[in-house]
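See below for the structure under consideration.
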Amino acid sequence: MEKLINRNIYLFFLFFVAISVPLSGRAAGDQSPASDQTLYLLGQVIKTDTTWSGTIVIEGVVVIGRAATLTIAPGTAIRFKKIDRDHDNIGDSELRILGGIIAEGTADNPITFASAEANPAPRDWSYLLIYTSGRPNRINFCEFRHGFSGLQVQFSTASVKNSLFTDNNEGLRFGRADLDVENNRFSANNIGVRFTRMEGPVIIRHNEITKNKIGIFLVPSGQNIRDFFKPDRSGRAWNTGRLEVSGNNIYDNLAYNLSLGEKQLWNLDMTGNYWGSDRDELIEAKIFDRHRDDSLGKVIYKPIVEGKIPTAGPEVER
């Protein structure tokens, strides 16, 4: 949440200033460029339902206000200019959803979120952040590249399907969420999937998580440790009824396929996934848990799926 916290003052500034003047004389709900043009957006709050198509270039923080829904048409390219006002080596441009977002591309015309720089790199922009949204947000057939996190979902409801997360610092990060993550590919990120709060319900199913530095990284937040439920050493997993991670191909990640972070004391049910091998010693070599640090919980990975799951990953790849 470090980047989220650092930018709260800037977000409050945006709300007070309420920069919502339409560009190029367009009505507030019509922010799609003509077919041969690009729409440039500086930091602002969009307060009415809006549809984007074509190419959108964002410089700064664009906020979709609580009363608004952003609909993004198939084939739309969202590009983020690299600016770093706080000098933390993370680009400040972001798209923040407080209202709702419907971003549904197609297999032939995905929606893309990426850097606007000529030589793009991870951390060029912050993230698409769905934050305290009360809407059923939908992300389908989208591509996320070059972000600090391609997508963050915090205190919100969302479905994320058939999407590609690659060349980001983190592909997907979530906290307290009602979240359905299915049939996505997480590849060539520093971390594929990261989460910090353990309340659910969250389903992570039929995804391809491979060739990241770390495939899945779980670090609980401090309030969970004290306020919600206590860990035990009974062998039970905490995530029953809160988090399901099954039917995924989680393999060939460079450091670990799965890592438990500091103070992750609970056992974690991760049964029913493919780990790249059927040999316990090879699977455990790519899992960082109590086997390596006895202060951590244990990953319960058996029974495994012995062969690669053909239904995992975006539908377009099958």
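When residues in the range 78-89 are screened for being buried (at least 23 other Cβ atoms within 10 Å of the Cβ) and either on the phi > 0 side of the Ramachandran plot or in a loop (DSSP other than H, G, I, E, B) (or both), 0 of them pass. Evaluating residue 137 against the criteria (1) surrounded by fewer than 22 Cβ atoms within 10 Å (Cβ to Cβ); (2) out of contact with any Asp or Glu (no Cβ under 6 Å at 6 or more places or on another chain); (3) part of a strand (DSSP E or B) leaves one unmet condition, (1). Of the residues making up the range 49-77, those that are assigned to a strand (DSSP E or B) and either farther than 26 Å from residue 119 by Cβ or not small (Gly, Ala, Ser) (or both) number 16.
Filtering the range 260-315 to residues that are aliphatic (A, V, I, L, M) and closer than 16 Å to residue 249 by Cβ leaves 270, 282, 283, 287, 304, 305, 309, 312.
For the range 184-211, taking the residues that are out of contact with any Ser or Thr (no Cβ under 8 Å at 6 or more places or on another chain) and in a loop (DSSP other than H, G, I, E, B), the one that is surrounded by the fewest Cβ atoms within 10 Å (Cβ to Cβ) is identified as 201. What do you reckon, is residue 104 surrounded by fewer than 21 Cβ atoms within 10 Å (Cβ to Cβ) and of a type in the set (Asp, Glu)? Yes; evaluated as a whole, the condition is true for this residue.
Going by the conditions given, is residue 193 β-branched (Val, Ile, Thr), in contact with a Gly (Cβ under 8 Å, 6 or more places away or on another chain) and closer than 20 Å to residue 249 by Cβ? For residue 193, the condition - β-branched (Val, Ile, Thr), in contact with a Gly (Cβ under 8 Å, 6 or more places away or on another chain) and closer than 20 Å to residue 249 by Cβ - is met.
Quick note: the coordinates plus some simple rules give every number you see, no bench work behind them. Remember, it's a predicted structure, so these values are computed and weren't measured experimentally. Because the Cβ atoms are built from the backbone with ideal geometry, glycine has one as well, and the counts that use them run over all protein chains shown.
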